[in-house]
Structure formats: C-alpha cells, structure tokens
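> Okay, handing you the structure first.
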Amino acid sequence: MQATKADIIKVVSNANDITELDRIFHLLSHSEVPAVAYSLGERGLISQLLCPKFGGALVYGAMEGNSIPGLPTLDSLREAYKVENINSDTKVFGLVSKPVSHSKGPILHNPAFRHANFNGIYVPMFVDDLKEFFEVYASPDFAGYSVGFPYKEAVVQFCDEVHPLAKSIGAVNTIIRKPSDGKLIGYNTDCEGSIASIEDALKDQRYINGASLNSPLAGKQFVVVGAGGAGRAIAVGAKSRGARVIIFDIDLDRAKSLAQVVSGEAQHFDSLAHFQPEKGAILANATPIGMHPSTDRIPVAEATLGNYQLVFDAVYTPRKTRLLEDADAAGAITVSGVEMFLKQAIGQFSLFTGREAPKDFMREIVLAKF
C-alpha cells in the first residue's frame, strides 16, 4: 500500500481478540506514510482511542444518536478522552473486564489525570483471555489496570507480587506495572472503598465529640450476596470491623471458601429468598443482579428489606438500583455503588500516578456525570 505512493493509507480489521490490536499499533508505529488503522467491534475500541499514541493520522468517532460497537462517540473523544492531548509518552491505563461497556471509569479517571497534569489515558479493555493479554501488552507503555467482573480473583495468578490485603482477600482490582523491572503488582482498593462507604452512611453512630469509636459495624449481622471478587473484598472488610458475616452465593463451595476466611457462615443463594435477617442487619449486594439492562431484579425477598438498617449495592449502573429503591421505601439507609466506585477509584488514582488524588474534583465529576 505504501508503494502506491498514496498520501494516507487505511487498514481496517475485525478483531476477535484485543491482543490482535497489538499488530495495528505496530503498523502505525512503523508506517512510512501517514496511516489510519483500527479494528471494528467492542474488542477493537482501544485501537481508536490509542491511535494518536502510536502515530495514527486520525481517529473516528460516532455522531450522537448513531451508536456503533467499538466506535467512541465524538463527544467522548472530545470530553472524556481529549485525544488531541495524547502523544507517544502517554501512559496507558485501562479497565480489564468482560463486558466493559457499562464502565464509567474513563469519564472519571481521564479528567482526574488532566486535573493533576499527569500524561495518562484510561480506556475500557474487553479482555477474553488474561494470560494472552498480559503476554502481549507487556511494554512499559501499559502502566496499570483496573480489574473488573469477572476477573478479580483469576487475575491474582498473573501478578508477580500481591499486596498483603489483596492476598488475604484473594482478589485484585488494581494492577501497577513497576517501571524498574516491569513486574505486575496487585492491590485491592475495593475493600476499603466499600466498607468506608457503609461506615460513612452510619457516621452518626461512629463519632461522639469528634472521637472515633469502634466501627458501627462491630457485632452486626452482615449479609453479603455474592462471593466473587467484590464480595470477597466486602466480606473481609466487614470482618475487619468486627461484623458477623453471612455469605450467599450460587456456588456453595465458593461461599464456604470465603466463609472460612472471614470466620463466617455460608449458604446457597437459593435460600436467600426465605432468609430472615436480624433486625438492624447490614445487606451488601456484590452480584451483577440489578445492573443495566436487567434493572428490575433484586437479590433478596422484598418483604425482608425492612429488617435491614442499611442496604448497600455494589452495582452503580443505574445509580439508584431497584434494590436501593425498594430498601429506601422499606425505611433502610441506602448506599449506592457509586460511593464505593468513587472511593476505590481515589485509591487507584494514587497507585496509578504516585500522587495524592484530587478527591473533591473526582467527587464533583461523580455527582455531575453518574
């Protein structure tokens, strides 16, 4: 194609896996004439977003009202990603997940990077195979990752080192590549993010005359629905505050495994429909139940919601889930997954950049955009 003496060449592929995009980045970096190269579909999204980093001539975006899988909207390119600021030195961070389309990480992390004058970009990464992904994207350009559903437990084995808290939880939601040797270090910011959100909502009981007392979770029955990565973080956090933890999961063995870690009780998810919580208990949903587009489902029997003092939902799309609406109507304190998302993202920002997170700025974004 270069031999035709064209002013610009264009190559479009249809990637079946995100690892195939590495060839596109290589092509862009080595083309002797201006080139446009990208891949279609959701797995190809980062080929558009990272095009300027690897020397691509232009980026395509979809016009409003014309959604195309794998094609960012013009608005997101201008507002969230600001692709005109991306250059060869830009560090790449991303959410490793499947699916990724629900993620609001880019509209929080990217403005926060710019606010701190940090040359980074945060992108959604639709990953099918963790082993292949980490083997292919091993360069220092790919500096860190958030880890989402369903990989928070499985990703631990691909970390060269794991922070003690993440190791005790058995789940990682943040990975940093050490600049010195390229090793991947796993952390967990979900644990403190979720528990601090719940404690803050109970703060009236937490402080007397400004002095910090024991956690308001101490001694309380704490019901965790879901024993995956998020559930493990929440359960370990609740245990650390002195709560009595009960775990429900569709995989009873997985629930039992987590119950052992937190000296708690395990039950099958099916028994949740008939479970009667203690008065004043805490409920935490750590499953995707209620996530867009299946927003009309809740994980527990509606009649039991009045027994809970507080109901927390890790789902944050929509912000006010059906579970939170029903719990609110039943008189419980409700905590949105947006609070956990914000707090864990603040922790991630510090790990990604080595700087203190602009907390107030990040909260303003969440309140305005989520």
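> Filter segment 287-308 down to residues that are of a type in the set (Gly, Ala, Ser) and open to solvent by 20 Å² or more (accessible area, probe 1.4 Å) and give me whichever is nearest to Leu217 (Cα to Cα).
Gly306
> Another question, then. Restricting the search to segment 248-285, which residues are farther than 16 Å from Tyr308 by Cβ and under 23 Å from the mean Cα position of the chain (by Cα)?
Within segment 248-285, Asp249, Ile250, Asp251, Arg254, Ala255, Leu258 meet the criteria.
> Another one. Would you confirm, using the coordinates I've provided, whether Ser97 is free of Cβ contacts under 8 Å to residues at least 12 places away in the same chain and under 24 Å from Asp17 (Cα atoms)?
No; evaluated as a whole, the condition is false for this residue.
> Please enumerate the residues belonging to segment 246-260 that are buried (at least 17 other Cβ atoms within 10 Å of the Cβ), hydrophobic (A, V, I, L, M, F, W, C) and under 29 Å from Val338 (Cβ atoms).
Passing the criteria: Ile246, Ile247, Phe248, Ala255, Leu258, Ala259.
> Please work out which one of (1) surrounded by 18 or more Cβ atoms within 10 Å (Cβ to Cβ); (2) within 17 Å of the chain's Cα centre (by Cα) is the condition Arg177 fails and give its number.
(2)
> Which residues, taken from segment 155-169, are open to solvent by 60 Å² or more (accessible area, probe 1.4 Å), part of a helix (DSSP H, G or I) and in contact with a Leu (Cβ under 9 Å, 6 or more places away or on another chain)?
Gln157
> Quick check on my filter: what residues within segment 25-39 are among the small types (Gly, Ala, Ser) and crowded, with 17+ Cβ neighbours inside 10 Å?
Ser31, Ala35, Ala37, Ser39
> What single numbered condition from (1) more than 23 Å from Leu272 (Cα to Cα); (2) surrounded by 23 or more Cβ atoms within 10 Å (Cβ to Cβ) fails to hold for Val223?
(1)
> What's the number of the only condition in (1) in contact (Cβ under 8 Å) with a residue 12 or more places away in the chain; (2) surrounded by fewer than 21 Cβ atoms within 10 Å (Cβ to Cβ); (3) assigned to a loop (DSSP other than H, G, I, E, B); (4) in contact with a strand residue (DSSP E or B) (Cβ under 7 Å, 6 or more places away or on another chain) that Asp7 fails to meet?
(4) is the only condition that Asp7 fails.
> Looking at segment 226-245 only, could you name the residues that are over 17 Å from the mean Cα position of the chain (by Cα), assigned to a loop (DSSP other than H, G, I, E, B) and surrounded by 24 or more Cβ atoms within 10 Å (Cβ to Cβ)?
Within segment 226-245, just Ala243 meets the criteria.
> Looking at segment 180-208, which of the residues that are among the aliphatic types (A, V, I, L, M) and farther than 20 Å from Thr334 by Cα is most open to solvent (accessible area, probe 1.4 Å)?
Ile208
> Provide a single number: the residues in segment 10-32 that are assigned to a helix (DSSP H, G or I) and within 33 Å of the chain's Cα centre (by Cα).
The number of residues fulfilling the criteria is 12.
> Do you know which of the residues in segment 265-286 that are hydrophobic (A, V, I, L, M, F, W, C) and within 21 Å of Ala201 (Cβ to Cβ) is most open to solvent (accessible area, probe 1.4 Å)?
Filtering segment 265-286 for residues that are hydrophobic (A, V, I, L, M, F, W, C) and within 21 Å of Ala201 (Cβ to Cβ), the one most open to solvent (accessible area, probe 1.4 Å) comes out as Ala286.
The values are calculated or read from the model by the stated rules, or taken from the named source; none is laboratory data. Everything quoted here is computed from the prediction, not taken from an experiment. Neighbour counts are summed over all protein chains in view; Cβ atoms, including those assigned to glycine, are modelled from backbone coordinates with ideal geometry. Heads up: the accessible areas ignore ligands, DNA and RNA and are worked out on the full protein's heavy atoms, side chains in. Shrake-Rupley method; radii C 1.70, N 1.55, O 1.52, S 1.80 Å.
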